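Below: the structure, in structure tokens.
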Amino acid sequence: MALPASDLTKQPDNRTTMELGAVLPRTAEVNDGHLFIGGVDMVELAREQGTALYVYDEEDLLARMRTYRDSFHALYPNSDVVYASKAFLNKEVARMAQREGLCLDVSGGGEFACSQMVGFPASRVFMHGNNKTPRELREAISAGVGRIIIDSRIELGRISEIAGELGVVQDIYMRITPGVEADTHEYIRTGCEDSKFGFTMNDDFAFRCVADVLAAPNVRLAGLHCHIGSQIFALHSFKEAAAVMVNLMARIEAAYGYRIEELDLGGGLGIAYTADDKPSTIEQFAEMTTTAVKECCAELGVSLPRLLVEPGRSLVANAGVTLYTIGILKTLPGIRKYVAVDGGMSDNIRTALYHAVYEPAIANKADQPRTEIVTLAGKHCESGDAVVVDMPLQHPDLGDIVCVFGTGAYCYAMASNYNGQPRPAVVFVRDGQARVVTRRETYADVFGRDI
Ligand SMILES: Cc1ncc(COP(=O)(O)O)c(C=O)c1O
């Protein structure tokens, strides 16, 4: 699909890189016109490691993990932060989450396998997925996975059977679709009624299914879960979801005489993709959700549950950037200016998929104002292949290194080998040092499985 028509009236913002606000990783700075992150010169790093390249500010990642953990513990001691690893998972980030005392949310067997390869305690892993295969379930249950979030009655039967065969009782949560319409893109909105995920509240279906869950052998209903969507700016959506969930807990206790001990409110806190975005802070999110749960529980006479949240994007997105080299410049008068980079939809599908918006800057001209409106086209054989559409950029020249901010979530995780493109390396930077934590793929990696 082609790109949407360019807005030719759009004016460049003349901002320099350091004026891009909350999209910048915490340690971003400009020295002699070059962008530095973690004390490392992004221009030199691009030359050393090649581009496209994913770069993460390690100090930023750590600070966000600690802010989440500490703000929830301070306001609600019986709580845990469960990192939604679908946003960005490799072995090093899993180790980091473990060291920082977080739990891990995995979607299916692949992410679970990664957690086990680095020795993440299985008891602190929460397994999600709307269609986990019997094999994935068996592997997770035999490894002692902490919680399995069940998505349907069929899955309940499957888990009950496998746990029975393995001679264990598996702790599970029911995923509920609370019917809260979060204000976000429809592809990443999951808590509304038309969703493939979870037990619907329509016709009181979820409430009625609790009877089946309580009657099923070899499983224990440890808690309820909901996730209303992603990139949410309006905190009141979380408050509404908490109210629906605590109400359901109260009804379950009254009708079935069964106390729900844990409540998982999912992830979804929005982040800054543009310099003008003003998302809520992690502290505000913690304040809103913990207060909502405490107030609803007090009102309905429900004992306070263990509270869990599952942030993905808000832990990693702004800590990560992608570096590219400019290879082609093409101006179509009265249409748009294309700046082609050496990556694209294979390392960042979000622009083509959800019309995601990102702020770019030229790392070797970082102190200059962004005086042009450009589209950063990818190198793939697809007209809609772009990383950035109609955004301000410093005057581009061939060979410039472009840094696209806010790409730390759902970019590496969704990367593909389209056109046989090897996936980029992932580098962590800190205190002037860069370390490759995932090496760049080779052509042999891409085609090595072919017979
Ligand atoms: C069940 C569940 N939990 C947590 C998340 C993480 O959401 P976010 O990255 O918006 O914080 C997702 C994202 O899709 C999810 O499906």
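What follows is calculated from the coordinates using simple rules that are stated; it is not laboratory data. Computed from a predicted model, the values in this text were never measured in an experiment. Reconstructed Cβ throughout: ideal geometry from the backbone, glycine too, with neighbour counts over all protein chains shown.
Estimated at 0.36 nm per residue, the fully extended path between T281 and A255 surpasses their Cα-Cα distance by 5.6 nm.
The local environment of A74, defined by Cβ-Cβ distances under 13 Å, has a net charge of -1 under the rule Lys, Arg +1 and Asp, Glu -1. Simple point charges give the picture: +1 on the Cβ of Lys and Arg, -1 on the Cβ of Asp and Glu, and for the range 59-316 a dipole about the Cα centre of about 640 debye. A cut-off under 9 angstrom between Cβ atoms defines the neighbours of D151, and their net charge, with Lys, Arg +1 and Asp, Glu -1, is +2. For the range 59-316, the number of Lys pairs separated by eight or more positions or lying on different chains, with C-alpha atoms closer than 18 Å, is 4. When only the Cβ of Lys, Arg, Asp and Glu is charged (+1, +1, -1, -1), the dipole of the chain relative to its Cα centre reaches about 720 debye. Modelled spin-label separation between L398 and N31, with each label point placed 7 Å from Cα along the Cα-to-Cβ direction: 3.1 nm.
Among 343-354, 363-374, 205-216, the peptide with the highest mean count of other Cβ atoms within 10 Å heads the list, and the full ranking is 343-354, 363-374, 205-216.
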